[in-house]
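These notes are about the structure you will find just below.
Only the coordinates and a few stated rules stand behind these numbers; no lab work does. Computed from a predicted structure; not experimentally measured. For neighbour counting, all protein chains shown are included, and Cβ atoms are generated from backbone atoms with ideal geometry for every residue, glycine included.
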């Protein structure tokens, strides 16, 4: 049986995408960005002590602050690695509303997304980013030894991604952010809560499952796993262990599993052994903590989930039903109504949120969600939507807003929200719930970060949280403009205050576990309302004021629970702090307390003068015969790419040369490609087959307009593309007299439209999507080469018989003439390349049913971690109406596939096999196709 390997040609340069595994997402989990800002953004720069701060003009104040902060704290960040200085461009981004940050190589830079999230640490947001991301910069410098050789960045990055587990990069950075400040995620019970829950529930998670995640269960994540392991290693082996570890890896880079080898050499344990050791230690400490706590069990008011499922922000409706925001491994976010028998009614789906959030009052639901700019994806918005439960209609209040955490007044006539402008100034705004117009804005001259506001019953007072380097505080704002601090700055994770009884209920972790507390606004006395074992969040008072609904954390995620309003004494803090040894080793206190306050010269950042930024020479392999080197350049604003290189064709004994430019500043994306290449062909001459050779100069120009829209849980993509090329052939050898030496500007036109719904973790294909694609190729400027090709492709995805099943119906058509007669521009049946054609391809009809049937989360030693097993059934028709009919598919068959992590590496590998049966009229044996793909 013939064999086909998908993705046969592996290009080594794409190994550089391993960098996607070692960036540092903070909130959104975004991998590093290659998106652009609008051309209208005006950029400036400050250069100070090896750091170049590049920023939009609106962020002048924050840029000056970061120019003081970053050089001051970097020596502390890098001290335990023996790295005391660096050179690093840092781009401050302000056009988006998604909180994030990362450091990368190729090109070397860091990006801070300056808009603070509505739920994060008890310190300044940009400080939070700086202390974490600068640790990554120190890690890179330690591993690359300051990049001693020219243009090494992508090679270094690929090597680091292949050599160092992600849990170490991120765990070490979280440990550092916690040790150098009085905040940090290592001090947050809610951050480590999923792992603690699994341990105390007796679930023994394998190393691979804890590291790589699951499509079935809640898992800790590699940040949390890494923090615990790194903290334990430092506790056992001291402050400088990772200096020694990375030095040893750098000195002996070319060997299998360098991280595990060096770690075992220095500590006596591999990463897997440290996982087992750490798991035993944390189980002991968390069990002791649990014995001391007087927790209470709360019965779930929702049906029991069979896989990871969350019910957020429950609210009791006047009917007695419960409204909640639900999401799971099998479904994206949607509103659900739960009755007293736990029967659920799906209302409607919503789009991506920075954090789960909505507010209910008087039959209205308001929520915020992210909307992207159609072209410049660095720009995004947080818009408010309101749903009327009586009319079943959804309304977007305004477009292109930056409003967060909306909360309705009791009469549902107005909304309070946090507004954050491009200068990072936050204000509370009141908004008319009908028109979307701003009624008033409350000043915030201190420039504090504002979070999660809510009205009292009268709609005249607002409770909200502020965040600064001093910590989080709870405030009340009245309509006369008076502000009152109810709870002074603290490192507690204060969040979502709501007026209940004679005070305010809120989330905090006074006992060392996140629970719901209450503060009397007159006496300022704090009381405990919940005693959840793992975590209680998001209180809401029922309409009859007899109970408080909340989200109670359990083994499968957040359940809906209820409690009576019975204030009790605040328990003692029993938090288990695993980072204490590392903090004592660093012995710095809060590194932000003594940051200088200088004013630096700033100057415009010239876009044209900074287009070229050469950073890497990388090896490339196009196939088994062609290999070479490529020099790459990418500017820091992601608007200009350039590469040039040479490859050797060993079958021809000749070199080819290429260069490419991509210009991404404008609405269209322009690209220019040049190649000088050798070509060989074979042709019939009489009764003989002859070989002909030539070289050719090939130039191609292309313009692409990508348009991407999203609204709620749907997306729309539109792509329009036009291109042409010029080919000049020379140095012809042994070719016929009529050989054409010039191909003059053949035209290519492409149009694609797609629409679909967002996918859940378990979806292996879209549940509902439509794609249409048109292509037209012709030769209007070359009379020697007449011919054209028109093609049409369509793909319709619909839900299958069960959840996460997908059915695909695809009809495709092409009509080709002249020199295009043998071109193929449409999707073909499986096995097409291994079947002798009986006629030219004109159309195809493809049917495909795909489904997951098992999620084993099986760790096969160090070889593989098997995430899922999937099946598929297919049949394909070709040239309907002439060669085949609908009762006789050309090919049909089945496939078995699995998503897995091989050899404990981060990329997810899609491995499988497909058996293709061929229509009997072809008199051909079945075809076996092996499938190998990977993604990050």
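Going 7 Å from the Cα of residue 590 along its beta-carbon direction, which residues of segment 455-470 have the amide nitrogen within less than 11 Å of the resulting point? Backbone N within reach: 468-470.
Between residue 399 and residue 734, the distance separating the two model label sites (each 7 Å from Cα on the Cα→Cβ line) works out to 6.3 nm.
When the alpha-carbon atoms of segment 558-641 are used, the pair Rg, Dmax equals 27.8, 76 angstrom. Taken over segment 748-849, the convex hull of the Cα atoms encloses 110 Å³ per residue.
Computed from label points 7 Å out along Cα-Cβ, the spacing between residue 622 and residue 306 is 5.1 nm.
Using square roots of five times the C-alpha gyration tensor eigenvalues, list the equivalent-ellipsoid semi-axes of segment 668-827 in whole Å, biggest first.
Listed largest to smallest, the semi-axes of segment 668-827 are 41, 19, 14 Å.
What the pair-distance distribution of segment 99-257 shows, using all Cα-Cα distances binned every 10 Å from zero, is 9, 35, 36, 18, 2, 0 percent. Each principal axis of segment 892-936 carries a Cα extent, and these read 45, 14, 12 Å when sorted largest first.
Under 11 Å from the 7 Å Cα→Cβ point of residue 768, by amide nitrogen: which residues of segment 777-818? Only 798-799 fall inside the zone, counting backbone N under 11 Å. Normalised by the number of residues in the chain, the average gap of Cα pairs under 8 Å and 6 or more apart makes the relative contact order 11 percent.
Over segment 323-563, the ratio between the Cα radius of gyration and 2.2 N^0.38 Å evaluates to 1.00. At each listed q (0.11, 0.24, 0.25 Å⁻¹), what is the log10 of I(q)/I(0) that the Debye formula gives for segment 461-563 modelled as equal alpha-carbon point scatterers? After summing over all Cα pairs, the log10 values are -0.33, -1.34, -1.40. For segment 828-936, the relative contact order works out to 23 percent when only alpha carbon pairs closer than 8 Å and six or more residues apart are counted.
Peptide packing for 334-341, 466-473, 834-841 was compared via the average number of neighbouring C-beta atoms within 10 Å per residue; ordered from the highest value, the list is 466-473, 334-341, 834-841. Once the Cα-Cα distance is subtracted from the 0.36 nm per residue extended length, the residue 348 to residue 930 segment shows a gain of 205.5 nm. Judged by the mean number of other Cβ atoms found within 10 Å, the most tightly packed of the peptides 384-392, 599-607 leads the ranking 384-392, 599-607.
For the chain, the longest principal axis of the C-alpha atoms and the axis of helix 271-292 are separated by about 20°. Between segment 559-598 and segment 305-331, what is the separation of their alpha carbon centroids in Å? With segment 559-598 and segment 305-331 each reduced to a Cα centre, they are spaced 29 Å. If R0 is 25 Å, the Cβ-Cβ spacing of residue 847 and residue 923 corresponds to a FRET efficiency of close to 0.60.
Please work out, to two decimal places, the log10 of the ratio I(q)/I(0) at q = 0.20, 0.22, 0.24 Å⁻¹ from a Debye calculation in which every Cα of segment 828-936 carries one identical scatterer. Taking Cα atoms of segment 828-936 as identical point scatterers yields -0.97, -1.10, -1.24.
Rg/Rh, computed from the Cα trace of segment 49-152 with Rh as the Kirkwood radius, has the value 0.96.
On full extension, the segment bounded by residue 785 and residue 295 gains 168.3 nm, given 0.36 nm per residue less the C-alpha separation. Summary of packing: across the peptides 393-406, 93-106, the per-residue average of other C-beta atoms within 10 Å ranks them, highest first, as 93-106, 393-406. For segment 558-603, the alpha-carbon coordinates run over 59, 34, 24 Å along the three principal axes, in decreasing order.
Could you please state, rounded to a whole Å, how far the C-alpha centre of segment 197-249 is from the C-alpha centre of segment 802-837? First find each Cα centre; the distance between them is then 46 Å.
When all alpha carbon pairs of segment 418-478 are counted in 5 Å bins from zero, the resulting P(r) reads 4, 16, 28, 26, 17, 7, 2, 0 %. Under the simplified labelling scheme, the residue 501-residue 340 pair shows an inter-label distance of 2.6 nm, with each label point 7 Å from Cα along Cα→Cβ.
For residue 720 and residue 601 in the same chain, what is the full-extension length gain: residue separation times 0.36 nm, less their Cα-Cα distance, in nm?
Value of the extension gain: 38.5 nm.
At 0.890 mPa s and 25 °C, plugging the Kirkwood radius over alpha-carbon pairs of segment 841-882 into Stokes-Einstein gives what diffusion coefficient in µm²/s? Using the Kirkwood radius from Cα pairs, D works out to 187 µm²/s.
I'd like the distance between the alpha-carbon centres of segment 849-921 and segment 344-402, rounded to an integer number of Å. Between the Cα centre of segment 849-921 and that of segment 344-402, the gap is 37 Å. The helix-only estimate of mean residue ellipticity at 222 nm for the chain, built from DSSP H runs of length n ≥ 4 each weighted as -39500 (n - 2.57), is -5000 deg cm²/dmol after division by the residue total.
What Kirkwood Rh does the chain have if only Cα atoms enter the pairwise 1/r average? Answer in Å. It is 30.7 Å.
Calculated FRET efficiency, residue 752 to residue 648, Cβ-Cβ distance, R0 = 35 Å: about 0.45 to the nearest 0.05. How tilted is helix 189-200 with respect to the longest principal axis of the chain? Cα atoms for both, answer in degrees (0 to 90, nearest 10). With both axes taken from Cα atoms, the answer is about 80 degrees. Here the scattering of segment 818-857 is modelled by Debye summation over its C-alpha atoms, one equal scatterer each and no solvent; at q = 0.17, 0.28, 0.35 Å⁻¹ the log10 of I(q)/I(0) is -0.62, -1.15, -1.36.
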